[in-house]
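What follows is a set of notes on a single structure, which appears directly below.
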């Protein structure tokens with residue numbers, strides 16, 4: 001047998017409620033052999049060669065953080081695009097500066113257009129945030145940049161594409177275009193906006209070649225992996241696998257994630273609409289083939305549906321009275337009355353369903369579909385997960401529990417966006433009660449916290465997510481948003497460790513420090529269970545350990 005390594009620490013928070021704390025963890029062949037103290041694991045140490053590793057002797061060790069909903073592959077691609085967002089964003093060799101106003105965006109677009117005068121390909125940029133940068137763009141706005149060269153602008157939360165008149169002509173789009181998500185003025189004239197997946201993919205077709213240049217995709221994913229590792233993440237899930245091309249995305253993931261130097265485990269969740277389009281005749285066989293490809297570092301899990309739009313881009317669906325302006329968002333790419341039917345084959349096959357639903361009306365649609373599935377083919381432990389769960393009601397938390405569902409919640413918006421959307425789109429009541437974690441806890445619903453990085457205007461930072469969940473402090477640094485929706489530190493830590501593992505069906509392998517699980521750790525400068533809750537976001541991540549291997553950058 002290989003040598004045992006015993007990592008000692010000032011304190012080990014195991015997330016095992018029966019044995020919550022330890023001072024040593026023994027590792028062999030990438031998995032946990034024993035947890036406790038050096039003395040308690042003597043029965044192992046007397047029998048086998050071992051060494052004591054004191055690298056983290058004065059540090060806090062926790063299970064590796066899990067972010068169960070990111071888009072690292074797609075995010076890595078976006079690094080190479082022209083950027084017009086409201087916050088600084090990583091580029092391939094520098095940090096792209098923030099453009100805080102609409103005027104700054106238009107000026108930057110003008111500079112891009114002038115710098116590439118004579119180019120034949122469309123001018124393409126991403127990162128526009130309508131709530132922070134003066135409202136949705138219109139074709140007439142972009143026509144002022146160029147009336148002749150096609151222009152397409154992708155929103156930061158990529159649910160909108162804004163185009164000018166030349167781009168509409170390139171697409172062959174006119175007022176006769178009948179497609180879900182095509183924006184129009186009150187008189188029926190196309191306004192240049194394409195919203196949600198069907199319309200989005202249509203509008204992006206002429207610029208697809210600008211997304212990926214040779215070698216950039218791999219470098220981008222590696223850089224995003226470094227971002228996640230610095231935040232203490234050891235496992236994450238790509239929640240839109242196959243949206244572009246299943247095989248090319250698989251080759252990318254295999255080449256990057258399988259590299260021993262890549263610091264994460266990756267869970268790939270296929271996109272249902274892409275499965276339906278490309279493998280409808282043999283979806284079962286294709287998914288079985290995916291499972292056969294799994295390794296310790298890459299695996300396939302579940303299936304992803306969309307039921308509505310975006311919180312930050314303001315296209316989610318809400319119950320009456322709707323938005324502040326009397327409008328509403330859009331459903332996803334599956335009509336709601338077809339949702340249960342589209343889910344049913346996966347449901348019967350025992351595949352876990354992840355359903356994107358940001359607004360309470362969309363959550364109703366998912367819960368209605370879940371109720372129908374249970375009436376057709378009852379299942380225990382199905383773990384249908386509502387992804388994002390941003391604007392919800394207390395009755396929905398109770399219904400989610402009754403139907404056996406889970407939630408993976410983006411709580412970052414409580415701090416970074418709630419005061420913005422108090423005035424834009426959703427109004428004070430819904431904005432303040434974003435991410436009702438307290439209601440989920442009271443009803444006994446298992447939930448995780450995720451970032452959706454980097455497709456929303458918020459960081460990837462699990463300790464920040466815990467800080468927000470526990471304190472619910474708005475961006476002004478003072479206001480507590482919906483204090484009854486706060487949760488305790490222990491429950492918030494569960495939501496980035498063992499409960500996040502449960503959402504991904506991996507609770508037997510990661511999420512807590514228990515015998516037989518992968519030896520994945522996050523190393524911290526202070527104990528989040530002992531500091532003032534307001535200080536949790538100031539705790540430094542000092543490094544991670546993946547499969548017992550200390551990752552580069554970890555420090556004592």
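The values are calculated or read from the model by the stated rules, or taken from the named source; none is laboratory data. All of these numbers come straight from a predicted model, not from anything done at the bench. A quick note on method: Cβ atoms are made from the backbone with ideal geometry, for glycine too, and the neighbour counts reach across all protein chains shown.
Some values worked out for this structure:
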quantity: Which listed residue is at pLDDT 95 or above and either surrounded by fewer than 19 Cβ atoms within 10 Å (Cβ to Cβ) or part of a strand (DSSP E or B) (or both), from 339, 344, 316; calculated: 344
quantity: Index of the failed condition, residue 286 passing every other in (1) touching a helix residue (DSSP H, G or I) at 6+ places or on another chain (Cβ under 6 Å); (2) buried (at least 17 other Cβ atoms within 10 Å of the Cβ); (3) farther than 19 Å from residue 501 by Cβ; calculated: (2)
quantity: Residue in segment 510-521 that is in the same structural domain as residue 54 (by TED's automatic domain parsing) and not in a loop (DSSP other than H, G, I, E, B) present; calculated: yes
quantity: Enumerated helices (runs of 4 or more DSSP H) restricted to segment 194-305, each holding at least 3 residues that are modelled with pLDDT under 95 and within 21 Å of residue 347 (Cα to Cα); calculated: 272-279, 283-292
quantity: Residue among 536, 487 that alone is at pLDDT 95 or above, crowded, with 19+ Cβ neighbours inside 10 Å and within 29 Å of residue 304 (Cβ to Cβ); calculated: 487
quantity: In segment 385-412, the residues that are free of Cβ contacts under 8 Å to residues at least 40 places away in the same chain, on the phi > 0 side of the Ramachandran plot and buried (at least 21 other Cβ atoms within 10 Å of the Cβ); calculated: none
quantity: Selected residue (criterion: nearest to residue 542 (Cα to Cα)) from residues of segment 460-478 that are touching a strand residue (DSSP E or B) at 6+ places or on another chain (Cβ under 6 Å) and assigned to a helix (DSSP H, G or I); calculated: 462
quantity: Flag for residue 173 being over 28 Å from residue 292 (Cα atoms), in contact with a strand residue (DSSP E or B) (Cβ under 8 Å, 6 or more places away or on another chain), part of a helix (DSSP H, G or I) and not assigned by TED's automatic domain parsing to the domain that holds residue 315; calculated: no
quantity: Selection from segment 52-109 of residues that are in contact with a helix residue (DSSP H, G or I) (Cβ under 6 Å, 6 or more places away or on another chain) and within 26 Å of residue 528 (Cβ to Cβ); calculated: 65, 66, 68, 72
quantity: Within segment 381-453, helices (runs of 4 or more DSSP H) holding 2 or more residues that are over 24 Å from residue 237 (Cα atoms) and at pLDDT 95 or above; calculated: 394-402, 418-423, 427-432, 437-443
quantity: Of residues in segment 143-158 being out of contact with any strand residue (DSSP E or B) (no Cβ under 6 Å at 6 or more places or on another chain) and within 16 Å of residue 312 (Cα to Cα), the one surrounded by the most Cβ atoms within 10 Å (Cβ to Cβ); calculated: 157
quantity: Cross-chain or 6+ apart pairs with Cβ under 7 Å, segment 288-314 first and at positive phi, then part of a strand (DSSP E or B) and buried (at least 22 other Cβ atoms within 10 Å of the Cβ); calculated: 302/269; 302/353; 302/354
quantity: Candidates 519, 474, 458 - the one that is crowded, with 17+ Cβ neighbours inside 10 Å and within 25 Å of residue 299 (Cα to Cα); calculated: 519
quantity: Tally of residues being in a loop (DSSP other than H, G, I, E, B) and more than 16 Å from residue 143 (Cβ to Cβ) across segment 176-193; calculated: 9
quantity: Count of segment 159-178 residues which are at pLDDT below 95 and in contact with a helix residue (DSSP H, G or I) (Cβ under 7 Å, 6 or more places away or on another chain); calculated: 1
quantity: Only listed residue being surrounded by 21 or more Cβ atoms within 10 Å (Cβ to Cβ), within 17 Å of the chain's Cα centre (by Cα) and over 30 Å from residue 523 (Cβ atoms), chosen from 232, 242; calculated: 242
quantity: Count - residues of segment 347-363 that are touching a helix residue (DSSP H, G or I) at 6+ places or on another chain (Cβ under 9 Å), part of a loop (DSSP other than H, G, I, E, B) and buried (at least 23 other Cβ atoms within 10 Å of the Cβ); calculated: 1
quantity: Residue that is surrounded by the fewest Cβ atoms within 10 Å (Cβ to Cβ), among those in segment 364-384 that are touching a residue at least 12 places away in the same chain (Cβ under 8 Å) and over 18 Å from residue 305 (Cα atoms); calculated: 380
